[in-house]
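Q: Starting off with a structure, shown below.
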Amino acid sequence: MEQWRSLKQSGIPALLAVPALLWFALCFTTMQALCLVLVAFGMTKEYTEATRFLISVLHRPFLYLMQYSNSRIYVYSAKGDVKAEVLNTIGFDQSVIFSNHRGDLDWLIGLMVEDNGGGLGCCKAIVKRELIFLPLFGFSWWAADFICINRNWQTDRRRLDAGFKRQHDYSRWAIPYTLTIFPEGTRLTEAKLVDSQEYCKSKGLPVLNHSLCPRAKGLWSAINSMRLENVYDITVVEGADSKKANVLTLAQGTPAEFHVFIEKISPNDIPKNEEKFSAWLMERWQGKDERIARFQRDGQFIDATGAAADRQLLSVDSRCAQTTYGALLWWILSSLVFFRYCVMHGYFRLLVGTALGTLLLVALIGVVIHQVHFTHSAQGKKTK
């Protein structure tokens, strides 16, 4: 056991699994591309349901990292039982999640919450346009109706409106849809926090100590343009030893711990007027800031009654491990068939070139991960 723990910490098992997972992603991306034929025949609902399944399976290996690293996510409810109040509705409904943006794994935390609810197929997000060009995954996100933007309201408004209108189809077909939005627009760093505080002071806004000043326009536009049943306000706080947790640390078997406070809100209780909505959102962020400070001090969240909030440990679905091991087995079988084909036909140069190319790809990914370390955007930028 100790030897396996040391091997995991080296990152070698995860690195060796990268080619298998890339091959797995390529196969599922190809299936998603083939599903576009359904759209050509006017079967848009069937295409949406097929893509929902494929994007769900594609994300499972990421969730398996939580089990692989023995990481934990605790969910707390603002009102009563976590399962009844949150997990029995999220992922089954038409909804928007808005959350503070603490670190590199906030997206994975959101996927875990959704998977413990209605499942991964509901997940949608607003992502930077550059990510759509990410090999394999970028196409899958586009096909699954993720909304890509340039972070410029003037140019993004048309894309956002089209994405919000697409949600109307999900509502009409009763296909679950959950859009995740980070109103802060970027991850929290010390430099960005200083910039945010200076901006708040210059605008006469409350100064936040544990989160960045939220931008209201995108969230306001989403809530007022979509046909929603619920809105979820999520506050994420990492454990004391998990501040630098990212995909790399999980792949090295380093456990992380996160605490997620969720409040379910009726869309009817949210201001429609943009100015009033901005004030409402800022008040929400003040509450988040106080909640984070209290948790860091006392180690607990407080519910609507003033008592310690009910909490539940999220579980990793067994299908996540099955999918990951299945991807590894599929890679091994495919490699053996390819090896036999090359040997039988004398394509030794192709075999050697493919092997070297695979090793080079694995090494390159390892170098990129170490260089980027998923926290490279630490430098602050003046908020306009």
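Read-outs: derived from the displayed coordinates by stated rules, not from any lab. Here the structure is a predicted model, which means the values were calculated and not measured. Using ideal geometry, Cβ is built from the backbone for each residue, glycine included, and neighbour counts are taken over all protein chains shown.
Q: Note down the relative contact order for the chain as a percent, whole number, built from C-alpha pairs under 8 angstrom at least six residues apart.
A: Reported relative contact order: 28 percent.
Q: Further question: Rounded if a/c is under 1.5, else prolate if a/b beats b/c, else oblate: with a ≥ b ≥ c from the C-alpha gyration tensor eigenvalues square-rooted, which is segment 195-318?
A: prolate
Q: If I model a spin label at residue 330 and residue 7 as a point 7 Å from the Cα along the Cα→Cβ vector, what separation in nanometres do I get?
A: In this crude spin-label approximation the distance works out to 2.4 nm.
Q: Compute the Cα gyration tensor for segment 18-122, then decide on rounded, prolate or oblate, letting a ≥ b ≥ c be the square roots of its eigenvalues: rounded whenever a/c is under 1.5, prolate when a/b is larger than b/c in the other cases, and oblate in all that remain.
A: The shape class here is oblate.
Q: Please give the contour-minus-distance gain from residue 347 to residue 81: 0.36 nm per residue of separation, less the Cα-Cα distance, rounded to one decimal in nm.
A: So the chain would gain 89.6 nm between residue 347 and residue 81.
Q: Here's a follow-up. Ranking 37, 86, 96 by Cβ neighbours within 10 Å, fewest first, what do you get?
A: Taking fewest neighbouring Cβ atoms as first place, the list is 37, 96, 86.
Q: Let me ask something additional. Neighbouring Cβ atoms within 10 Å as the yardstick, rank 198, 190 fewest first.
A: Lowest count first: 190, 198.
Q: Towards the positive end of the charge dipole of segment 58-177, with charges on Cβ (+1 Lys, Arg; -1 Asp, Glu), say which of 101, 117, 135 has the farthest Cα.
A: 135
Q: Kindly express, to the nearest 10 degrees and within the range 0 to 90, the angle between helix 12-40's C-alpha long axis and the longest C-alpha principal axis of the chain.
A: 80
Q: Rounded to the nearest Å, what's the spacing between the alpha carbon centres of segment 27-104 and segment 188-228? Just the number, please.
A: So the two Cα centres are separated by 26 Å.
Q: Something else about it: If you put +1 on each Lys and Arg Cβ and -1 on each Asp and Glu Cβ, how big is the dipole of the chain around its Cα centre, in Debye rounded to 20?
A: Here the chain has a charge dipole of around 940 debye.
Q: Right, something else. If we count every other residue with Cβ under 15 angstrom of residue 94's Cβ, Lys/Arg +1 and Asp/Glu -1, where does the sum land?
A: +2
Q: Something else: Return P(r) of segment 146-216 (all Cα-Cα pairs; 10 Å bins starting at 0; whole %; ordered from short to long distances).
A: 17, 35, 27, 17, 4
Q: How far is helix 274-298 tilted off the main Cα axis of the chain, in degrees rounded to 10, range 0 to 90?
A: The angle comes out near 70 degrees.
Q: Rounded to the nearest 0.05, what FRET efficiency is calculated for residue 339 and residue 151 with R0 set to 35 Å and r the Cβ-Cβ distance?
A: That pair, residue 339 with residue 151, gives E of 0.15.
Q: Compute the length gained on full extension between residue 194 and residue 274: take 0.36 nm times their separation in residues and subtract their Cα-Cα distance, giving the result in nm to one decimal.
A: Full extension of this stretch gives 26.1 nm more.
Q: Using the Kirkwood formula over every pair of different C-alpha atoms, what hydrodynamic radius in Å results for the chain?
A: Taking every pair of different Cα atoms in the chain, averaging 1/r and inverting gives 22.4 Å.
Q: Continuing with the same structure: Taking amide H atoms as placed 1.01 Å from N in the peptide plane, list the residues 5 or more away in sequence, or in a different chain, whose amide H sits under 5 Å from that of residue 97.
A: Long-range HN contacts for residue 97: 179, 180, 181, 232.
Q: Output the antiparallel fraction of DSSP beta bridges having both residues in the chain, as a percent to the nearest 5.
A: 35
Q: Right, something else. How far, in degrees from 0 to 90, does helix 153-173 lean away from the longest principal axis of the Cα atoms of the chain, to the nearest 10?
A: So the helix axis and the longest Cα principal axis differ by about 80 degrees.
Q: Report, in deg cm²/dmol and to the nearest 500, the calculated mean residue ellipticity at 222 nm for the chain, where each DSSP H run with n ≥ 4 adds -39500 (n - 2.57) and the sum is divided by the residue count.
A: -18000 deg cm²/dmol
Q: Next question, about the same structure. Subtracting the Cα-Cα distance from 0.36 nm times the residue separation, let me have the gained length for residue 240 to residue 308 in nm, one decimal.
A: 22.5 nm
Q: Let me ask something else about it. Checking the table 217/276; 203/288; 244/264; 79/243; 203/276; 192/217 against a 23 Å threshold on Cα-Cα, which pairs fail?
A: Among 217/276; 203/288; 244/264; 79/243; 203/276; 192/217, the Cα-Cα distance tops 23 Å for 244/264; 79/243.
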